[in-house]
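Q: Structure below; questions to follow.
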Amino acid sequence: MYFPIGWPKVVQVPDLGQCSLKQVKCNRDRILVAILTDDILAIWFCKPCVPIVFHRRNTESLSKFGTNIIAEWKPDSSKIVVATSEGHLLLYTLNVISNQKGLYIQTDSPHANLRRDSAELFIKETIPPLSLQITEEALVWDGKITGIVCITMSEIMLSTTENHVLRYKWDGTQNRDYTLDLRRIPFCINQQVSKAIPIVEDNTYIIDIEYSPLVGGFSIVLNDGRAAFLTASSLKFDPNQVQGIWAQHIEDATCTTINHKYRLITFGRSNSECIVYYVDDSTGGLEVSHNCLLSSKDYPGCPGSVGNVIWTPDGCALVATWQQGGLAMWSTFGALLMCSLGWDYGLNIDIQKWNPLQIMSLDFATEGYQLWMVRKSNTYDSENRTVDNNNLSQNESDLILLDFAKSALTINPCMSQQSHLYLQGEDKLYINSSENLIKTFSERSNRDDSVFGDNTIFTTTLAEGRQWLVIPIPSTYSATNWPIRYSGIDIDGQNIVIAGRTGVAHYSLQTRRWKLFGNETQEKDFIVAGGLLWWRDYIILGCYSIIDNSDELRFYSKECKLDNKFAKIIPVNAPILLINILQDQLITFSSDAQVCIWRLNQNDSAGDIDLIKVQAIDASALAVHPACIVSVTLTALRTETSGKNSNPRIPESIVLNVSGRLLLVQREIRKGERFTCLMPTVLASCVENVWVPAITHQEKAHLTESLWLFCGSHGMRVWLPLYPRDGDKPHSFMSKRIMLPFHLKIYPLAILFEDAIILGAENDTVLYTSDLNSPFSLPFCVLQRTSQVYLHQILRQLIRRNLGFHAWEIAKSCMSLPYFPHSLELLLHEVLEEEATSKEPIPDAQLPSVIEFIMEFPVYLQTVVQCARKTEIALWPYLFSAAGKPKDLFQECMDKSNLDTAASYLIILQNLETSSVSRQYATMLLNTALNQSKWELAKDLVRFLRAIDPNDVESPRNSFILPSKLNNLQTPPVSPNAEDISVILGNVQSSRVRSYSTTISPKVVEKPNNSVDKMNALQESPKSNRKKSVPSSSNAKADTNYVRKRFSSFKPLSSYWRNIFKLTTPNNTAEEFFIDVILQKHARRLLSSHRLTDLGYFAAHLDFHLVAWLAKERDRAARIDDFVKALKQLHEEFQWPYPTPSTLSSRAQSLGETQILEDQLRSLKLDVFNYPTSSSRVGDSGYMSFQGLPGRGLITPLSTLEQSSQIADEIDLDLENHSPNEKVNPTNDSSSPQEKEHLFFGAESAADHFSANLNLGDAETISTQQSAHQIFSNLTLK
């Protein structure tokens, strides 16, 4: 509701001498501020913040009466009473000096260069010239004065240290007949108890007192910590009728205050908390409403006892300060809005030792926009970091002002029907419209890169616009009408209307222009007092006409000038307090407790409005006073719901918020068109705000036909309709609506009903300087927008009540929301955290029901794995006991081709199963990802497989037996040994406790489509019974012999080949060799199927050295047998145009018969080693890194043949041992002449090099492409 903004302003008070500030107190209009010191009473003007007059008492007066302690205003601001330390009352009289126009009158300079060019530089506010003098003095005969309250225009009440409450008149005389003696007042816990006992303890007196006529009594705090409420049958407070009601469960009260509108009594306590009571209407006793306290998250320590408590002028927020420093603000029913203990004061300040905000007195100024505070000045020793209160001088106090921005709901609750978030300040508006919640579309290619393809996937995300649009009020209006009292925004969020002290003005967000009254006299002639709102293109407001001395309803069109001749004015009988609207019906509530419903009709031809009163209802019996009606709303909601298609003949109902108690008054049509009202129904209590959707949508009937309530610390509540199933018989015992409670992490200010989002705001601070002597040493307060998705809260409450069908209907209607999967994830996560961490057994666990509910939606697999990955491993067993085994869920993902989700389950399997099992599943997923061209996923899987520690292959996971979620200690990674090569080879992982023959390698189980079922059939590694950190000598020797024999036939390779296969360094094992074999196999499959584009993607994403591999595969997959077919496939793959007949004939004549072809091939050179730095988007294509390798065989035919043969000989053994099921055709001397001819001219190598360059998109290979294209064209002609 209220949010501090900007810097706390330090007000420069004139020299106080040896005196210090005692109290700050505003008058009833909160325009004038009284500042009290030991010997001075000063009167300040609120805006502009300037002093008007002050009175300093002389030394004789101080010695006779004592120093000033407390001050209190008379309601008409004509007098101020000051209590002194010696028990005297000093009554000051304020008079306006009639022969003086005003103070601080600005005159322009006669010099042109010094004149003010703008009207904004002039103070247009008339500051009244006041005189202040002591007119009466009274001696209080009954001890010292501890508190003063004003009860009427003519009387005040004083509490003294002698157990008395005295009544004085404003002329200084005492009314002794109405003196209250605490020792004669009976006290009990409620008014029904017949036995009441007065206070009999000696030296018991009142230290703080507060009065409220709407509550009907005084709240008092005794010096022994007890608290009570004094009430009587009448407001005259006859001593014989006064009765005391004890506030139970409190023995450490320090201060008190009363909320008049909500009828709440608040007490501050020594344990840093505030406790709030309400008066029970049935018993008359004080019942606890809620507690205002700080959680350990807000402040871990204890800030001390509460020093001051005060409500905002509208009763929508409570401010409390602590004696050790700091202040906090709560909403009406206990939702924390801000706390200065969490502000950033810099590293030099330790708020536990000294707090910069040690508040001694505070009060709110006009409309609650400013909080005036008296605080202790800087007494912090930067070296010792301690505070010495004994060394404080008398004037170590100063005056500071803290500005606030507040929600329009505080004063104009009809804005709850709008979905736009905005706050109003004293002279500006802060707009954050719902249009700032924009849907942004991120285009992602099917291959995560748009180099080769145009296939895109559109994903929708919801992005918050956290920037506030600040709209300043024009100085022409605010100079004389400060501050903003009411504001309203239309349903489209494009037009805003404000009302200050007088008149109105409206602003268009499209044109960025304000529209004011052209006639300033008309602007000053009326005061908006009952709220204002938009209806179509009209502004509706309830106002008081100063000229006619009457109350009116006015309608102004935004298309016309702001002038009374274009306005529709309807006189009403009483002042309008509240207004609201529903479609074309207007509802008003006036000070005579009359609720009136009007029908609006816009006459398009005449351009005016017809207003017809439909019904008038007397609501005086619902509240003790019309001021206790917080809001009035007209809604189509009713207690019964016959179906989603409501009857248009049913009249609307009325929802009233009476001091936090929400009442529903249903209307009926009887005897034709006569409306009658049923008995009111109490829907909820402790209600701060009410939201009702303005428009109902049948697609989301549950969300748009519900009533939303916020109840402070009690959380959010939604009154949800329960529609029967189609074809089901209605049951009389089933409720038609249900009230669902849930808690929020933010303070709600607006609700997007269809989007299932709650919008709010919160306070944050920024520190600009840590210099305590600087006026900017206090933090700078900023506003931040917050939001929260509430869909999962509603679903959980419905599932808990076995209303899963209704939850399914709501969820089904919200499946189009971009954050719907996230809502299901939040639902699962909250239930899992609550139940899995519960110390007590759960009789009726909700997790199985939630799992069963999420299974109804296609995002079930994704929801479970996302929830698991964001949860501690210790909670996984409980989750998967209800959701299913991770292996089964992985298999289900594979069956549905949901590879990304299956990859997420690999993380789960890695932590719950042995590494051999996770490697098996990762290998199968890698094969599937490669087959489906999921290159990014394949890249991640390769990295995942390479990261598996070979020493940890068979060690079982102990996640299921963790003693506590906090004891999950991680072990340091273990470096692999060269001896582990013999342990892990191929696709089947062997157990460390088993012994394999060292003469043969394990067979590789390799099929095109490996199934998880067959993998599950493989025997998993049993848990080892002994440590195997050091292998036995026999096993070590066998492993060594095996490794020696395994690689003994390899010839010395070049450095590049040793780097490719990674077999010589200690950190590389056979797993990497095995991964390379998988990649080479898939590359061979792509090349064999002539998918050169996919081969390019494959090489680019997986860092596959394509050039070296093509040189190795020249006699197998890269072998070209049918050049014509290969050429056609190249044209088709890359969409090359075929040569025209004219081009073919000219080339045939120029080339001749056959002699030219071989000469051109011999002279063909591809310089791939002296390229400049590539600008390729995919990095190194493979040519740059292939230095001095067989790829240079393109230089001469002879070298190509020799080095290619050497490559084939070097990798024969690898291919034989790696993939026994594959048939390899190595190059040998028995090659046919045709094969040797192919190898001689090297056309296939040129084609492969050409394909690799084209697939990888190097900009420097254009010449190579043209040369290869010419070769194949000539070959076709040949």
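Q: Can you name every one of the strands (runs of 3 or more DSSP E) wholly within the stretch 120-231 that holds 1 or more residues which are at negative phi and in contact with a Lys or Arg (Cβ under 6 Å, 6 or more places away or on another chain)?
A: Values: elements: 130-139, 145-150, 155-160, 164-169, 206-212, 217-222, 227-231.
Ranges flagged: 155-160.
Q: Restricting attention to the stretch 182-197, report how many residues are in contact (Cβ under 8 Å) with a residue 40 or more places away in the chain, of a type outside the set (Gly, Ala, Ser) and farther than 12 Å from Leu230 by Cα.
A: 2
Q: Please work out which one of (1) surrounded by 18 or more Cβ atoms within 10 Å (Cβ to Cβ); (2) not in a loop (DSSP other than H, G, I, E, B) is the condition Gly493 fails and give its number.
A: (2)
Q: Determine which member of the set Ile245, Ile265 is buried (at least 21 other Cβ atoms within 10 Å of the Cβ), in contact with a Leu (Cβ under 6 Å, 6 or more places away or on another chain) and part of a strand (DSSP E or B).
A: Numbers: Ile265 fails: in contact with a Leu (Cβ under 6 Å, 6 or more places away or on another chain).
Answer to the check: Ile245.
Q: Just to be sure, is Leu371 assigned to a strand (DSSP E or B), closer than 30 Å to Leu541 by Cα, over 24 Å from the mean Cα position of the chain (by Cα) and modelled with pLDDT of 95 or more? Can you show your working first?
A: Numbers: assigned to a strand (DSSP E or B): yes; closer than 30 Å to Leu541 by Cα: yes; over 24 Å from the mean Cα position of the chain (by Cα): yes; modelled with pLDDT of 95 or more: yes.
Judged against the criteria, Leu371 is a match.
Q: Just the residues that are touching a residue at least 40 places away in the same chain (Cβ under 8 Å), touching a strand residue (DSSP E or B) at 6+ places or on another chain (Cβ under 7 Å) and of a type in the set (D, E, K, R), please, taken from the stretch 282-339.
A: Asp298
Q: What number of residues within the stretch 1137-1153 are at pLDDT below 85 and either of a type outside the set (Gly, Ala, Ser) or under 28 Å from Arg1091 (Cβ atoms) (or both)? Walk me through how you get there before you give the answer.
A: So in the stretch 1137-1153, the residues at pLDDT below 85 come out as 1138-1153.
Restricting the remaining residues to those that are either of a type outside the set (Gly, Ala, Ser) or under 28 Å from Arg1091 (Cβ atoms) (or both) gives 1138-1141, 1143-1144, 1147, 1149, 1151, 1153.
Residues in the stretch 1137-1153 being at pLDDT below 85 and either of a type outside the set (Gly, Ala, Ser) or under 28 Å from Arg1091 (Cβ atoms) (or both): 10 in total.
Q: While we're on this one: Out of Gln192, Gln133, report the one residue that is farther than 20 Å from Gln248 by Cβ, loosely packed, with under 14 Cβ neighbours inside 10 Å, in contact with a Ser or Thr (Cβ under 9 Å, 6 or more places away or on another chain) and not hydroxyl-bearing (Ser, Thr, Tyr).
A: On the way: Gln192 fails: farther than 20 Å from Gln248 by Cβ.
The unique qualifying residue is Gln133.
Q: I've got another one for you. When you go through Leu103, Leu90 one by one, which is the residue that is under 18 Å from His55 (Cβ atoms), over 49 Å from the mean Cα position of the chain (by Cα) and crowded, with 17+ Cβ neighbours inside 10 Å?
A: Numbers: Leu103 fails: over 49 Å from the mean Cα position of the chain (by Cα).
Just one listed residue meets the conditions, Leu90.
Q: Follow-up. Scan the stretch 845-857 and give yes if some residue there is of a type in the set (S, T, N, Q), in contact (Cβ under 8 Å) with a residue 12 or more places away in the chain, farther than 20 Å from Leu1102 by Cα and surrounded by fewer than 20 Cβ atoms within 10 Å (Cβ to Cβ), otherwise no.
A: Our first condition is that a residue be of a type in the set (S, T, N, Q); within the stretch 845-857, this holds for 846, 849.
From the residues that got through so far, the ones that are in contact (Cβ under 8 Å) with a residue 12 or more places away in the chain too are 846, 849.
Cutting the leftovers down to farther than 20 Å from Leu1102 by Cα gives us 846, 849.
From the residues that got through so far, the ones that are surrounded by fewer than 20 Cβ atoms within 10 Å (Cβ to Cβ) too are 846, 849.
So far as the stretch 845-857 goes, yes, one or more of its residues are of a type in the set (S, T, N, Q), in contact (Cβ under 8 Å) with a residue 12 or more places away in the chain, farther than 20 Å from Leu1102 by Cα and surrounded by fewer than 20 Cβ atoms within 10 Å (Cβ to Cβ).
Q: Oh, and also: Checking the condition surrounded by 11 or more Cβ atoms within 10 Å (Cβ to Cβ), farther than 20 Å from Leu32 by Cβ, out of contact with any helix residue (DSSP H, G or I) (no Cβ under 6 Å at 6 or more places or on another chain) and not charged (D, E, K, R), which residue from Ser61, Ser77 passes? Talk me through it step by step, then tell me what you get.
A: Details: Ser77 fails: farther than 20 Å from Leu32 by Cβ.
Sole residue among the options that is surrounded by 11 or more Cβ atoms within 10 Å (Cβ to Cβ), farther than 20 Å from Leu32 by Cβ, out of contact with any helix residue (DSSP H, G or I) (no Cβ under 6 Å at 6 or more places or on another chain) and not charged (D, E, K, R): Ser61.
Q: Can you go through Arg796, Arg717, Arg801, Arg725 and tell me which one is at pLDDT 90 or above and surrounded by fewer than 14 Cβ atoms within 10 Å (Cβ to Cβ)?
A: Values: Arg796 fails: surrounded by fewer than 14 Cβ atoms within 10 Å (Cβ to Cβ); Arg717 fails: surrounded by fewer than 14 Cβ atoms within 10 Å (Cβ to Cβ); Arg725 fails: at pLDDT 90 or above.
Testing whether each residue is at pLDDT 90 or above and surrounded by fewer than 14 Cβ atoms within 10 Å (Cβ to Cβ) leaves just Arg801.
Q: Kindly provide the set of residues from the stretch 280-308 that are closer than 23 Å to Gln191 by Cβ, in contact with a Leu (Cβ under 8 Å, 6 or more places away or on another chain) and buried (at least 22 other Cβ atoms within 10 Å of the Cβ), ordered by number.
A: Ser289
Q: Is it true that some residue in the stretch 513-523 is in a loop (DSSP other than H, G, I, E, B) and of a type in the set (Lys, Arg)?
A: No, because not a single residue in the stretch 513-523 is in a loop (DSSP other than H, G, I, E, B) and of a type in the set (Lys, Arg).
Q: Could you tell me whether any residue of the stretch 818-832 is surrounded by 16 or more Cβ atoms within 10 Å (Cβ to Cβ), in contact with a strand residue (DSSP E or B) (Cβ under 9 Å, 6 or more places away or on another chain), touching a residue at least 12 places away in the same chain (Cβ under 8 Å) and farther than 30 Å from Ala903 by Cβ?
A: Scanning the stretch 818-832, I find no residue that is surrounded by 16 or more Cβ atoms within 10 Å (Cβ to Cβ), in contact with a strand residue (DSSP E or B) (Cβ under 9 Å, 6 or more places away or on another chain), touching a residue at least 12 places away in the same chain (Cβ under 8 Å) and farther than 30 Å from Ala903 by Cβ, so the answer is no.
Q: With (1) more than 21 Å from Asp764 (Cβ to Cβ); (2) hydroxyl-bearing (Ser, Thr, Tyr); (3) within 23 Å of the chain's Cα centre (by Cα) as the list, and Ser331 as the residue in question, which single condition is left unmet?
A: Every condition holds for Ser331 apart from (1).
Q: Sticking with this structure for a sec: Could you check the stretch 575-590 and list, in sequence order, the residues that are modelled with pLDDT under 95 and more than 36 Å from the chain's Cα centre (by Cα)?
A: Answer for the stretch 575-590, where residues must be modelled with pLDDT under 95 and more than 36 Å from the chain's Cα centre (by Cα): there is none.
Q: Still on this model: Looking at the stretch 1094-1118 only, could you name the residues that are surrounded by 17 or more Cβ atoms within 10 Å (Cβ to Cβ) and either within 16 Å of Glu936 (Cβ to Cβ) or in contact with a His (Cβ under 8 Å, 6 or more places away or on another chain) (or both)? Walk me through how you get there before you give the answer.
A: Step one: of the stretch 1094-1118, the residues surrounded by 17 or more Cβ atoms within 10 Å (Cβ to Cβ) are 1094-1102, 1104-1118.
Listed by number, the residues that qualify are Asp1094, Gly1096, Tyr1097, Phe1098, Ala1099, Ala1100, His1101, Leu1102, Phe1104, Val1107, Leu1110.
Q: Scan the stretch 896-928 residue by residue and report those that are outside any helix (DSSP H, G or I) and of a type in the set (S, T, N, Q).
A: Quick first cut of the stretch 896-928, residues outside any helix (DSSP H, G or I) only: 896-898, 913-914.
Answer for the stretch 896-928, where residues must be outside any helix (DSSP H, G or I) and of a type in the set (S, T, N, Q): Ser897, Asn898, Thr914.
The values are calculated or read from the model by the stated rules, or taken from the named source; none is laboratory data. From a predicted model like this one, the values you see are computed outputs, not experimental measurements. Here the Cβ is made from the backbone with ideal geometry for all residues, glycine too, and neighbour counts use every protein chain on show.
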